[in-house]
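What follows is a single structure, written as structure tokens, with notes after it.
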Amino acid sequence: MNFNKAIILGNVTKDPEVRALPSGQQVTNFSIATNRYYTATTGEKKEEAEFHNIVCFGKLADITSRYIKKGSLILIEGRIKTRTWMNQQGVKQYKTEIIAESMQMGPRGAGTGGTSFGGDTGYQKSSFQQQPSQEPRAEEIPIIEENYNPAPADSEPENKKSIAFEDSAADEIDVKDIPF
């Protein structure tokens, strides 16, 4: 059995080019840059960029043409394919590409081409998403302290029991008591 899988996470280097096959199926081509940081034998920190050619077909091509822009952070899963052809001078040319099978877009605002769902896309904004101009609201997280009793013991219903945490060695869990 053979396996051909590529997973790339990086930034889009140019807006997708949209084309159509003779069958009418949509195709997009774009490039993604990935960075590698390493320390050379001399102790100097270095950065190396690699550029990957991506090809999307069908529905994935339609989505990338609408929402992906230069600078967008994107994760692509696909397979590697090398195409060959003869140029006008009769020289054989090669191009290695990743044929996208799935895609995940990065967070909005990542890179310069952050996407925004809304408008005529059919997506609706969720109630938990903040508008950029709004201040983020502080979450109200209840704090439960040791020996906290919200009501006097006399007003507590009979079917409810109060739980109080006490500092004692008897309440600690012993590793030997764990069944696995």
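Since every read-out is calculated from the coordinates, none of them should be taken as a lab result. Remember, predicted model here, so these are calculated numbers, not experimental data. FYI the Cβ positions are ideal-geometry reconstructions off the backbone, even for glycines, and counts take in every protein chain you see.
Here the condition is being farther than 24 Å from Asn4 by Cα, assigned to a strand (DSSP E or B) and either among the small types (Gly, Ala, Ser) or in contact (Cβ under 8 Å) with a residue 12 or more places away in the chain (or both); of Glu48, Glu77, it holds for Glu48 alone. May I ask you to verify whether Ser102 is farther than 19 Å from Asp15 by Cβ and small (Gly, Ala, Ser)? In short, yes. For region 18-41, a residue qualifies if it is in contact with a Phe, Trp or Tyr (Cβ under 7 Å, 6 or more places away or on another chain) and part of a strand (DSSP E or B), and the qualifying residues are Val27, Ser31, Ala33. Among the residues of this structure, Thr64 counts as one that is touching a residue at least 12 places away in the same chain (Cβ under 8 Å) and either at positive phi or not in a strand (DSSP E or B) (or both).
State whether the residues of region 59-72 include one that is of a type outside the set (Phe, Trp, Tyr) and either more than 24 Å from the chain's Cα centre (by Cα) or exposed (fewer than 12 other Cβ atoms within 10 Å of the Cβ) (or both).
From region 59-72, those of a type outside the set (Phe, Trp, Tyr) are 59-66, 68-72; that's our starting set.
Still in the list and also either more than 24 Å from the chain's Cα centre (by Cα) or exposed (fewer than 12 other Cβ atoms within 10 Å of the Cβ) (or both): 59.
Yes, region 59-72 contains a residue that is of a type outside the set (Phe, Trp, Tyr) and either more than 24 Å from the chain's Cα centre (by Cα) or exposed (fewer than 12 other Cβ atoms within 10 Å of the Cβ) (or both).
Among Glu47, Glu97, which is exposed (fewer than 11 other Cβ atoms within 10 Å of the Cβ) and either in contact with a helix residue (DSSP H, G or I) (Cβ under 8 Å, 6 or more places away or on another chain) or not hydrophobic (A, V, I, L, M, F, W, C) (or both)? Let's see the steps before the verdict.
On the way: Glu97 fails: exposed (fewer than 11 other Cβ atoms within 10 Å of the Cβ).
Residue meeting the stated conditions: Glu47.
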